[in-house]
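Quick note: the coordinates plus some simple rules give every number you see, no bench work behind them. From a predicted model like this one, the values you see are computed outputs, not experimental measurements. Using ideal geometry, Cβ is built from the backbone for each residue, glycine included, and neighbour counts are taken over all protein chains shown.
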Amino acid sequence: MVYQARLVEVVVMSSSGESLVREASVAPAMSRRTLLGRIIQGLGLSLVLSPAIPVVQAREQVVEISETDRLIVRVARPLDAETPVQEFVSFLTPNSRFFVRSHFGPPPQEQHSEENWRLRVTGLVDRPLTLTLDDLKQFETVTITAVVQCSGNGRALYRPKTPGVQWERGAVGNARWTGVRLLDVLRRAGLQTNGLHVQFQGADRPVAATVPLFVRSIPVEKALHPDTILAYEMNGRPLSLLHGAPLRVVTPGWMADSCIKWLTDITVQQDEAQGYYMQTAYRYPTRQVTLGETIALDDLKPVEAMIVKSLIAQPQAGAVLVSGPVMIQGVAWTGEGRIAGVDVSLDEGRTWAQARLIGEDQPYGWRQWQYIWEATTAGPRTILCRATDDRGNRQPERSPWNPGGFLWNGWDRVSVTVAG
Amino acid sequence: MRLATRVVAVCLLGLATLLLGRAGAVPEGRIGSDARAEGLVLARCGTCHSTDLIMQQRLDRPRWQATVGKMIHWGAELSDEEADLLVEFLAARFHPTASGLVPLSEIGEAEPLQAEPLSMQERPNGVAQQGAALFATNCQACHGAGAGGGFGPKLAGNPILHAEASFWETVLYGRGSMPAWEHGLSRQDIADIQAWLKTL
């Protein structure tokens with residue numbers, strides 16, 4: 001495919017900041033909403049970003065991402081982009097505003113088109129399967145509302161800083177996922193008793209064969225949980241390419257590192273998946289550690305369940321508020337329990353007041369909350385929130401440091417100014 | 001084949017960007033090696049992922065070393081000498097206290113960034129008379145005669161001269177196309193230049 005590639009605005013609302021290699025000069029005249037024509041797989045941002053640079057003839061795959069409206073791009077290629085938190089005033093996060101995390105980016109069209117796509121189920125099963133999307137849709141359909149969150153969400157808030165995509169607050173979203181139970185598919189294949197781990201692999205491939213594949217596994221208990229699904233729809237629409245078309249795993253209550261996109265291979269095996277993305281990355285220490293310390297492998301376990309967390313969606317950071325009543329609202333979610341309450345503090349955590357939980361209450365969805373603050377004194381103020389779940393877990397002021405920068409759930413904070 | 005084409009493309013445009021960014025007289029030495037390192041980042045690191053992933057990191061030297069090592073293991077094409085140069089460059093430019101990409105407004109209050117690059121005690125008193133010549137040799141090409149501005153911003157009367165931490169961080173570790181002087185000038189030299197700039 002040959003495309004005339006001209007990427008208008010990738011660093012859409014990216015945080016301010018200089019760029020060393022002078023590559024991210026955003027065209028300020030572009031409206032934030034006209035957004036990205038296309039992202040060019042395999043080409044540097046530097047090539048395409050500045051309108052001053054002549055149009056590049058790229059013999060590369062081009063991915064339409066006009067669908068990703070208003071995302072903050074953290075990494076242009078492969079695309080990692082987060083949702084501006086002010087979007088989290090709605091219960092469901094619209095598909096076009098849902099964060100995108102890619103290890104290698106979407107596979108080429110030939111592989112994910114419905115005619116060519118197959119799901120293979122192999123390993124410790126009595127009857128290996130090869131299924132088309134239509135075959136798959138013969139299983140009972142289920143729809144589950146679930147938060148999907150990148151395990152690195154909030155990594156940028158850790159001090160000292162940890163390597164990886166510097167996600168701030170918005171690598172999370174809540175959607176209705178429709179598909180079939182993994183349990184039903186595994187039953188059809190005839191799971192053998194020594195099958196203890198279920199491994200997933202998608203069709204995405206790195207640029208160089210020397211890079212490890214993104215292969216992950218989940219323990220069989222989670223795989224057989226009736227709420228673990230293979231999803232082909234997101235918020236009632238077919239999964240889009242960036243979100244894993246035609247099929248992805250959704251493990252409600254667990255972090256998104258288990259929610260493999262572009263799924264093509266399910267392998268039942270006795271052991272955990274091997275390789276970098278299971279054995280090294282996405283691991284978390286079971287004890288308090290510090291930078292520079294050597295951590296024994298036994299002290300690291302895979303990132304699995306989410307932990308209790310909340311975000312302030314409104315007002316936005318930096319807002320100038322008219323004195324009087326101010327509606328503070330946001331969302332809160334947890335891993336395998338339910339949200340019990342959300343508190344708000346306007347005095348740096350000395351005193352807390354209870355927010356009101358509102359809206360839909362779904363087992364794996366997030367809870368919306370609101371709190372009305374009588375903003376009387378003029379000047380700068382910081383709004384804090386923290387959530388508690390029904391198992392008694394409460395958000396800490398800041399999360400224990402870990403080398404991968406995973407599972408941040410410190411109090412959320414937004415600074416505003418009350419006008420005089 | 002595809003990879004090769006891509007690398008060439010990245011190189012070419014990278015070069016163009018660098019050249020554009022550096023129009024005007026470019027002094028020798030430290031800046032030259034930075035330019036080479038920047039070129040390597042674009043050409044050798046930009047093949048698998050865009051370089052924004054690199055620039056948003058704020059890591060100390062051991063972790064840059066480990067990261068570059070991991071990338072080489074995964075296929076980044078760098079000689080030992082190039083790898084050393086790159087680690088040096090990345091550790092100087094994207095160190096834990098470097099400013100940039102991550103907005104500090106929301107995060108800064110959660111916990112202040114680490115210690116300032118250099119404590120007040122380690123900043124010698126500057127001698128303005130010494131500073132003029134040092135400025136002419138090292139800074140004037142970009143910041144113009146009398147520090148009136150050129151390729152780099154005007155420094156005469158610039159409030160950053162009195163924002164100690166920012167001034168020192170910028171001069172020691174560089175920013176954008178502003179080179180890092182950590183290894184190029186002594187602390188005393190920098191203090192002298194600062195003192196002279198304040199007299200303008």
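Fewest neighbouring Cβ atoms within 10 Å first, the residues A:276, A:282, A:364 line up as A:276, A:282, A:364.
Each Lys and Arg Cβ is given +1 and each Asp and Glu Cβ -1; about its Cα centre, the range B:40-103 then shows a dipole of about 300 debye.
For the range A:109-302, what class follows from the C-alpha gyration tensor (a ≥ b ≥ c being the square roots of its eigenvalues): rounded when a/c is under 1.5, otherwise prolate if a/b is larger than b/c, else oblate? Note, shape of the range A:109-302 comes out prolate. Of the trypsin sites (Lys or Arg not before Pro) found in the range A:263-332, the ones in coil according to DSSP and having at most 16 other Cβ atoms within 10 Å of their Cβ are A:287.
Please state, to two decimals, what the Cα-based radius of gyration of the range B:120-197 comes to when divided by 2.2 N^0.38 Å (N = residues). Intermediate values should be presented prior to the final figure.
Details: Rg = 11.2 Å, N = 78, 2.2 N^0.38 = 11.5 Å.
After normalising by residue count via 2.2 N^0.38 Å, the value is 0.98.
Translational D (Stokes-Einstein, µm²/s) of the range A:262-375 at 25 °C and 0.890 mPa s when Rh comes from the Kirkwood sum over C-alpha pairs? D = 136 µm²/s. What separates the Cα centres of the range A:171-210 and the range A:372-420 is a distance of 35 Å. Amide H contacts under 5 Å for residue A:326: A:373, A:374, A:375, restricted to partners 5 or more places along the chain or on a different chain, H placed in the peptide plane at 1.01 Å from N.
Considering only A:359, A:393, A:340, and ranking their Cα positions along the charge dipole of the range A:340-407 that arises from unit charges at the beta-carbon of Lys, Arg, Asp and Glu, the one farthest toward the positive end is A:393. Just so you know, the Rg over Rh for the range A:309-418 is 0.98, from Cα atoms, with Rh as the Kirkwood radius. Based only on other Cβ atoms within 10 Å, what is the fewest-to-most ordering of B:142, A:385? By the 10 Å Cβ count, ascending: B:142, A:385.
Taking the beta-carbon count within 10 Å as an exposure proxy, list A:88, A:139 from fewest neighbours to most. Could the numbers behind the result be given before it?
On the way: A:88 24, A:139 19.
By the 10 Å Cβ count, ascending: A:139, A:88.
For residue A:411, the residues 5 or more places off, or on other chains, whose built amide H falls under 5 Å of its own are A:397, A:398.
When the dipole is taken about the Cα centre of the range B:120-197, and only Lys, Arg (+1) and Asp, Glu (-1) are charged at their Cβ, what size is it in debye, to the nearest 20? Could the numbers behind the result be given before it?
Details: 4 positive and 6 negative charges, 38 e Å.
Around 180 debye, computed over the range B:120-197.
Using the Cβ of residue A:257 as centre and a radius below 12 Å, the other residues enclosed give a net charge of +3, where K and R count +1 and D and E count -1. Solvent-free Debye calculation, one equal scatterer per alpha-carbon of the range B:30-93: log10 I(q)/I(0) at 0.18, 0.24, 0.29 Å⁻¹ equals -0.57, -1.10, -1.64. Here's how it looks for residue A:341: its modeled amide H is under 5 Å from those of A:388, which are all 5 or more places away or on a different chain. Rounded to the nearest whole Hz, the Karplus-based 3J(HN,Hα) values (6.51 cos²θ - 1.76 cosθ + 1.60, θ = phi - 60°) of the range B:84-90 follow the sequence 4, 4, 5, 4, 4, 5, 5, with x at glycine and proline. Please give every one of the lysines within straight-line cross-link reach of residue B:198, meaning a C-alpha to C-alpha distance under 23 Å, and leave out same-chain neighbours fewer than 8 residues apart. Cα-Cα hits under 23 Å: B:154.
Please go through the residue pairs A:261/B:70; A:161/A:261; A:137/A:261; A:222/A:301 and name each one whose alpha carbons sit more than 19 Å apart in this structure.
Numbers: A:261/B:70 25 Å; A:161/A:261 28 Å; A:137/A:261 17 Å; A:222/A:301 16 Å.
Where the Cα-Cα span goes over 19 Å, the pairs concerned are A:261/B:70; A:161/A:261.
Which shape class applies to the range A:156-232: rounded if a/c is under 1.5, otherwise prolate when a/b exceeds b/c and oblate if not, where a ≥ b ≥ c are the square roots of the Cα gyration tensor eigenvalues? Prolate shape, in that a/c is at least 1.5 and a/b is the bigger ratio. Under 13 Å from the Cβ of residue B:67, count the other residues' Cβ atoms, weight Lys and Arg +1, Asp and Glu -1, and hand me the total. It works out to a net charge of +4.
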